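Asks: My questions all concern the structure below.
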């Protein structure tokens, strides 16, 4: 059976966001056990010109929602990153994104594979088919932010493994 658009988007988002939530819970436990201020992790970044952990989580979660909207034909403006000040708020953002993307009708996504999608990114408009949008923008963008969040936590000493990033294999 061939992969369908739902498998390439919603299933990937749910798995990635679920695994990100596990990483965040380990970070919260690490902060508590080591006496580290949780805000030090939430506002940590890999480099000065990169987003902090809270913003990486925002773009992983809201980026998934925006991708689903664009594939479904809605072109709402991306929401600005909310100022999240606790792990609980990061979990809420992830849970909301999982709920949102899980509610999409798989038939809507299959129909989107041939839809023309335009995005404005860094001052440039790019036109994709839905399939190319998933392949060339959606999945790489999603995993960039999930990976950056993981890397921030590792750099700050959170004892994460590749298994935490990958999650259980089925």
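Asks: Would you call residue 66 closer than 30 Å to residue 110 by Cα and touching a residue at least 40 places away in the same chain (Cβ under 8 Å)? Give the derivation first.
Replies: Details: closer than 30 Å to residue 110 by Cα: yes; touching a residue at least 40 places away in the same chain (Cβ under 8 Å): no.
Spelling it out, it is not the case that residue 66 is closer than 30 Å to residue 110 by Cα and touching a residue at least 40 places away in the same chain (Cβ under 8 Å).
Asks: While we're looking at this one, here's another question. Return yes when residue 96 is surrounded by 17 or more Cβ atoms within 10 Å (Cβ to Cβ) and either out of contact with any helix residue (DSSP H, G or I) (no Cβ under 6 Å at 6 or more places or on another chain) or outside any loop (DSSP other than H, G, I, E, B) (or both) and no when it is not.
Replies: On the way: surrounded by 17 or more Cβ atoms within 10 Å (Cβ to Cβ): no; either out of contact with any helix residue (DSSP H, G or I) (no Cβ under 6 Å at 6 or more places or on another chain) or outside any loop (DSSP other than H, G, I, E, B) (or both): yes.
For residue 96, the condition - surrounded by 17 or more Cβ atoms within 10 Å (Cβ to Cβ) and either out of contact with any helix residue (DSSP H, G or I) (no Cβ under 6 Å at 6 or more places or on another chain) or outside any loop (DSSP other than H, G, I, E, B) (or both) - is not met.
Asks: OK, next. Of the numbered conditions (1) surrounded by 13 or more Cβ atoms within 10 Å (Cβ to Cβ); (2) modelled with pLDDT of 95 or more; (3) in a helix (DSSP H, G or I), residue 33 fails exactly one; give the number of that condition.
Replies: Just one mismatch for residue 33, condition (1).
Asks: Turning to a different aspect of this structure: Just the residues that are surrounded by 13 or more Cβ atoms within 10 Å (Cβ to Cβ) and free of Cβ contacts under 8 Å to residues at least 60 places away in the same chain, please, taken from the stretch 138-154. Even if it seems obvious, please write down each step before you answer.
Replies: Here is the first cut: in the stretch 138-154, the ones surrounded by 13 or more Cβ atoms within 10 Å (Cβ to Cβ) are 138-139, 141-154.
Of everything in the stretch 138-154, those that are surrounded by 13 or more Cβ atoms within 10 Å (Cβ to Cβ) and free of Cβ contacts under 8 Å to residues at least 60 places away in the same chain turn out to be 144, 147, 154.
Asks: I'd like to verify a number: residues in the stretch 38-63 that are outside any loop (DSSP other than H, G, I, E, B) and either within 17 Å of the chain's Cα centre (by Cα) or without any contact (Cβ under 8 Å) to a residue 60 or more places away in the chain (or both), how many? It would help to see each step written out before you state the result.
Replies: Filtering the stretch 38-63 for residues outside any loop (DSSP other than H, G, I, E, B) gives 38-42, 53-63.
Subsequent filtering for residues that are either within 17 Å of the chain's Cα centre (by Cα) or without any contact (Cβ under 8 Å) to a residue 60 or more places away in the chain (or both) retains 38-39, 42, 53-63.
Selection size over the stretch 38-63: 14.
Asks: May I ask you to say which residue of 161, 116 is in contact with a strand residue (DSSP E or B) (Cβ under 9 Å, 6 or more places away or on another chain) and either more than 26 Å from residue 23 (Cβ to Cβ) or surrounded by fewer than 15 Cβ atoms within 10 Å (Cβ to Cβ) (or both)?
Replies: On the way: 161 fails: in contact with a strand residue (DSSP E or B) (Cβ under 9 Å, 6 or more places away or on another chain).
Unique residue meeting the criteria: 116.
The values are calculated or read from the model by the stated rules, or taken from the named source; none is laboratory data. Given the structure is predicted, the values throughout are model-derived calculations rather than measurements. Positions of Cβ are backbone-derived with ideal geometry, glycine not excepted, and every protein chain shown enters the neighbour counts.
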